Amino acid sequence: MKITFHGAAREVTGSCHRIETGQGTVVLDCGMIQGGRKRHERNREPFPFPLDGIHSVILSHAHIDHSGRLPVLIKAGYGGPIVATEPTVKLCEILLPDSGRIQEEDARWKIKRLKKKGEAHDWVRPLYTEEDAFAALERFVPVPFDEPYDLGPVGSVSFVKAGHILGAAIVDLRLPDESRRLTFSGDLGAAGARLLSPPQPVECPDFLIMESTYGDRNREEPGDRTELLHGIIEKTIDRGGKVVIPSFAVGRTQEILARINDLVESGKLSGVPVYVDSPMAAAATEAFALHPEAYSEEARRLLRAGDRPLEFPGLRITSSVEESIAINASRDPCVIISASGMCTAGRVKHHLKHNLSNPNSCVLFVGYQARGTLGQVIQSGTDPIRIFGEWYPVRARIETIEGFSAHGDRDELLAWFEALGGTPRRTWIVHGEEDASESLARALKSRFDATVEVPHRDQTFSVSEHG
Ligand SMILES: [Zn+2]
């Protein structure tokens, strides 16, 4: 067996790992590479592996950095199935076409800008279109959690709840040689989420591929996150400003909504319009409402008591572009939750453009900002900021509540590893900035005497019968 790490190797995005067995190849995830123009351009490079030997693609969860290049893979000629959990398929039906539209929209903006400058623009092409995304969706095979799914000659797969976003799974592969199991953690959720249940334990596999987004740090417990959110919203509204919350449309948005729901229903916030300005977030919120089985104990208890955690007075879900533009035309204070979460694309860039220079407004980060993304540049205090080719001085307050992360922190990652109840023969650390991956690898070596490697991009490991 050979394992090659084609993405999310010493970086956070572009998850893609390839497992070659004598009977065929399995690809785990096929994610978009995100984090600035240079990284984004890598998405256009041809796949560095042959597509005809791939038996199945297995998708851990719907986030674009795991799923976003599937339409490119299909366009390039991959003809097999894409296996994922039922809610992941639901969310991909929302996320992938939206990603296609964003690619098309960005291409149109670029053309407009080049035209303005009188430069050539006929070379600009979207990475893929909404149509391409629909073509990819036809390949999806939905599989329930915790039931082995037969992959024919390449073995079988089970999905275990990872608690990271709705549908997110730990991928448990049984390879053709019965004695070997390979587990891919996918992205592991944090304990203490308001909506979703925490990651479930798995039995110790022979080989483990593990994420390390927070591999080098523990989140400071910032106190009650709902209260922090309350304070920031209240102060901004009192100043007459707007709170812009860049947020992943899927997962984070619903977690924030559940907290605002608590604030509104306990009477702490009232009369404040809360816009969810993303058609995708709107659809994802509906998908969350359809899968309460994935909720935490607390959320399920409230639901049983008749409180829908994603519905409250003042919530306005905007879909059309006109409605989105109207939010900025109005001077009234409000909360705007908009995608994308790292400000790399989508409507949030327009809201930032309108609010960054307003001293009464506030940009509130509630999620991880990968190096090189517009979100990380703003968060680091850079001033002025360039958006759509123009410069904006930063006068708005820039705030962060880190504890909202959908990722387990270092201690939670170590606890999940310990709960395997043994040490895999080999472990590879992926999906983290280099320092985070190295740091988690060192901890696993010293605490558990594990054989751990942090692969480089496109690095291959041959695994013999004996490990
Ligand atoms: Zn994720």
- Surface per residue (accessible, 1.4 Å probe) for the chain, Å²: 40
- Message: Could you sort the peptides 272-280, 190-198 by per-residue average Cβ neighbour count (10 Å cutoff), highest mean leading?
- Response: 272-280, 190-198
- Message: Give the separation of the Cα centroids, region 247-268 to region 92-110, in Å.
- Response: 26
- Query: Quick one: if the Förster radius is 30 Å, what FRET efficiency do residue 328 and residue 268 give, using the C-beta to C-beta distance and rounding to 0.05?
  - Reply: 0.70
- Task: Name the shape class, rounded, prolate or oblate, that the alpha-carbon gyration tensor gives for region 301-426, where a ≥ b ≥ c are the square roots of its eigenvalues, rounded holds for a/c under 1.5, and otherwise prolate holds if a/b is larger than b/c and oblate otherwise.
- Result: oblate
- Note on the structure: Eigenvalues of the alpha-carbon gyration tensor of the chain, times 5 and square-rooted, give semi-axes in Å, largest first, of 36, 26, 21
- Task: Specify the inter-centroid distance of region 161-188 and region 406-467, based on alpha-carbon positions, in whole Å.
- Result: 14
- Query: Considering only protein heavy atoms and a 1.4 Å probe, what is the carbon-and-sulfur percentage of the accessible area of region 1-129?
  - Reply: 50
- Query: residue 76 to residue 453: FRET efficiency via 1/(1 + (r/R0)^6), r the Cβ-Cβ distance, R0 22 Å, to the nearest 0.05?
  - Reply: 0.15
- Message: What figure, in Å² to the nearest 10, do you get for the accessible area of residue 392 with a 1.4 Å probe and non-protein molecules left out?
- Response: 40
- Note on the structure: Computed about the Cα centre, the charge dipole of region 389-456 from +1 Lys/Arg and -1 Asp/Glu charges at the Cβ has a magnitude in debye, to the nearest 20, of 180
- Message: From the protein chains alone at 1.4 Å, what is the descending order of accessible area for 115, 110, 90, largest first?
- Response: 115, 90, 110
- Message: Let me check against my output: what whole-number percent is the relative contact order of the chain, with C-alpha pairs under 8 Å and at least 6 apart?
- Response: 19
- Task: Can you tell me the dipole magnitude for the chain around its Cα centre, using point charges on the Cβ only (Lys, Arg +1; Asp, Glu -1), in Debye to the nearest 20?
- Result: 1660
- Determine how large the accessible area of residue 123 is when every protein chain is in place; take a 1.4 Å probe and give Å² rounded to the nearest 10. 150
- residue 99 accessible area, nearest 10 Å², 1.4 Å probe? 10
- Cβ-defined net charge surrounding residue 218, 12 Å radius [Lys, Arg +1; Asp, Glu -1]: -4
- Taking the simple approach of a point 7 Å from Cα along Cα-to-Cβ for both residue 319 and residue 156, what is their distance in nm? 4.1
- Message: Which one, 440, 284, 273, is farthest towards the positive end of the dipole of the chain when Lys and Arg carry +1 and Asp and Glu -1 on their Cβ?
- Response: 273
- Helix-only [θ] at 222 nm, the chain, -39500 (n - 2.57) per DSSP H run of 4+, per residue, nearest 500, equals -10000 deg cm²/dmol
- Expected unfolding gain across residue 23-residue 400 under the 0.36 nm per residue rule, minus the alpha-carbon gap, is 130.9 nm
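The values are calculated or read from the model by the stated rules, or taken from the named source; none is laboratory data. Quick caveat: nothing in here was measured; it's all calculated off a predicted structure. Note that we place each Cβ from the backbone using ideal geometry, even for glycine, and neighbour counts take in every protein chain shown. Protein only, heavy atoms only, side chains kept; ligands, DNA and RNA dropped before computing areas. Shrake-Rupley method; radii C 1.70, N 1.55, O 1.52, S 1.80 Å.
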